[in-house]
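The values are calculated or read from the model by the stated rules, or taken from the named source; none is laboratory data. This one's a predicted model, so the numbers in the text were calculated from it and none came from an experiment. Here the Cβ positions follow ideal geometry from the backbone for every residue, glycine too, while neighbour counts run over all protein chains shown. These area figures cover heavy atoms from the full protein model, side chains too; ligands, DNA and RNA do not enter into them. Shrake-Rupley method; radii C 1.70, N 1.55, O 1.52, S 1.80 Å.
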Amino acid sequence: LTPRPPHPTMRCGSKPSDNGHLLLTPDERRHLLHHEPAAARFLRRFLGADELLHQRERWCLWLADATPEALADLPLTTARVEAVRKFRSSSSAAPTRRAAARPHTFFFTSQPDTDYLAVPEVSSARRDHLPVVFLPPDIIASNKLYIVPGRDLMRLGLLASAMHMTWLRTVGGRLKSDHQYSASMVYNTFPWPDAGRDPAVEHAAQQLLDRRAAHPQRSLAELCDPRRAPADLLAEHAELDRAVDRLYRPARFTDEHERLAHLLARHAATR
């Protein structure tokens, strides 16, 4: 399945398959920079679902453009690269063994060179809305995030809406009690509204981002928990839901059951 045009492809972020040698904790980063300050230009923030949702700090060595000459002056960094090569070489999986030939790079690279939209692979069932954010290109998304290149407020608004959450609850997977997002099963099958752009949705999406930014001390997990989110943010979510709902029909949806019935009818009509 592919998303209905004009919606761009959603894909997983980058997968290291490195046994942890290309990834660094804050303490490991400080230690590396203390001994190899020149390694700073190869260090990037690295976000998976856990880091994104809970404001946890993790870093990675992003060496895609590192020359052999640059690495020769960085013995601690080179030692990490060599550890990746040994780990991959001993793997029972043929693709991983082949990746030992390029140990300085991630096993799978999917990093946009623009701002991008990010969705965590796993999301708490307590949430009424999917935690969707924009990230800059210098933050590396792990394979625990689904990403779409570009900074499209319309798309963020749709994915952050109650309408999309209804679809996720219906067709998405489960990890214990949590929702498991999927590009193929959720994003690609979502019955998108006919409107290409809508100023009301874009405005509501920007307002949502602005209200989040007004609470920098709160994690995204807190801000997307209806029991802990600030009242002003919940009001912005409600406004976004109304704007998205109007794209599907003029009359209000009274509950999730009505939304689901409408989405299923639209989905059946496009098959």
Exercise for review: Would you mind checking the tilt of helix 162-171 against the longest principal axis of the Cα atoms of the chain, expressed as 0 to 90 degrees and rounded to 10?
Suggested key: 70
Point to revise | Gained length - R151 relative to K86, 0.36 nm times residue gap less alpha-carbon distance | key: 19.5 nm
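Would you mind working out the accessible area per residue for region 112-271, using a 1.4 Å probe, and quoting it in Å²? Present the calculation step by step, with values, prior to reporting the outcome.
Values: 6920 Å² over 160 residues.
Roughly 43 Å² per residue, with all protein chains present.
I need the shape label for region 162-221. Rule: rounded when a/c is under 1.5, else prolate if a/b > b/c, else oblate, with a, b, c from the alpha carbon gyration tensor.
Values: a/c = 3.23, a/b = 1.19, b/c = 2.72.
Oblate is the answer for region 162-221, as a/c is 1.5 or above yet b/c matches or exceeds a/b.
Would you calculate a helix-derived [θ] at 222 nm for the chain, using -39,500 (n - 2.57) for each DSSP H run of n ≥ 4 and dividing by the full residue count, to the nearest 500? Display every interim value, and only then the final one.
Values: 11 runs with 109 residues, N = 271.
Dividing the helical sum by the residues of the chain leaves -12000 deg cm²/dmol.
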Revision key, fill the gap. Scoring only Lys, Arg, Asp and Glu (+1, +1, -1, -1) among other residues with Cβ under 10 Å from the Cβ of Q111 yields -1
Study note, to complete from the structure: Taking Cα atoms only, helix 26-35 is inclined relative to the longest principal axis of the chain by an angle, in degrees rounded to 10, of 30
Check your understanding: Roughly what would the spin-label model give for Q206 and A238, points 7 Å off Cα along C-beta, in nm?
Key -> 2.3
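Tally Lys and Arg at +1 and Asp and Glu at -1 over the other residues with C-beta under 11 Å from the C-beta of C12: what net charge comes out?
Once positives and negatives cancel, what remains is +2.
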Check your understanding: Considering only protein heavy atoms and a 1.4 Å probe, what is the carbon-and-sulfur percentage of the accessible area of the chain?
Key -> 53
Exercise for review: Let me have the relative contact order for region 49-188, percent, based on Cα pairs under 8 Å that are six or more residues apart.
Suggested key: 20
Study note, to complete from the structure: Checking region 12-99 for trypsin sites (Lys or Arg not before Pro) in a loop per DSSP with at most 15 other beta-carbon atoms within 10 Å yields R56
Check your understanding: Per residue, how much accessible area does region 15-81 show when a 1.4 Å probe rolls over the protein heavy atoms, in square angstrom?
Key -> 53
Study note, to complete from the structure: Contour minus Cα-Cα span, A101 to V171, at 0.36 nm per residue, comes to 21.3 nm
Point to revise | Which labelled figure in (i) 110; (ii) 147; (iii) 157 is volume of the Cα convex hull per residue in Å³, once derived from the coordinates | key: (ii)
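If region 231-271 were replaced by its equivalent ellipsoid, with semi-axes equal to the square roots of 5 times the Cα gyration tensor eigenvalues, what would those be, largest first, whole Å?
On the way: eigenvalues 110, 19, 16 Å².
They are 23, 10, 9 Å, listed from largest to smallest.
What net charge do the residues around A72 carry, taking every other residue with its C-beta under 13 Å from that of A72, with Lys and Arg at +1 and Asp and Glu at -1?
Values: positive: none; negative: E36, E69, D73, E82.
Taking every other residue near A72 into account, the sum is -4.
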Study note, to complete from the structure: Between the Cα axis of helix 256-269 and the main Cα principal axis of the chain, the angle (0 to 90°, nearest 10) is 80
**Study point:** Alpha carbon centroid spacing (whole Å) that separates region 236-253 from region 1-66
**Key:** 36
Check your understanding: PRE reach from A251 (point 7 Å along Cα→Cβ): which of region 159-192 fall under 19 Å by backbone N?
Key -> 163
Exercise for review: Starting from the Cα-Cα distance between R126 and T67, subtract it from 0.36 nm times their residue separation and give me the gain in nm to one decimal.
Suggested key: 16.6 nm
Review point. Mean separation of Cα pairs under 8 Å and 6+ residues apart, divided by the residue count of the chain: what relative contact order is that in percent?
Key: 21
Exercise for review: Please give, to one decimal in nm, the separation of the simple spin-label points placed at E258 and D27, each 7 Å out from Cα toward the Cβ.
Suggested key: 5.5
Review point. Between H54 and D113, what is the FRET efficiency for a Förster distance of 35 Å, r being their Cβ-Cβ separation, to the nearest 0.05?
Key: 0.85
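I'd like the Kirkwood hydrodynamic radius of region 118-271, using the inverse of the mean 1/r over distinct C-alpha pairs, in Å.
Working: mean 1/r = 0.0629 Å⁻¹.
One over the average 1/r among Cα pairs gives 15.9 Å for region 118-271.
With a ≥ b ≥ c the root eigenvalues of the C-alpha gyration tensor of region 11-107, is it rounded (a/c under 1.5), prolate (a/b larger than b/c) or oblate?
On the way: a/c = 1.87, a/b = 1.07, b/c = 1.75.
Oblate.
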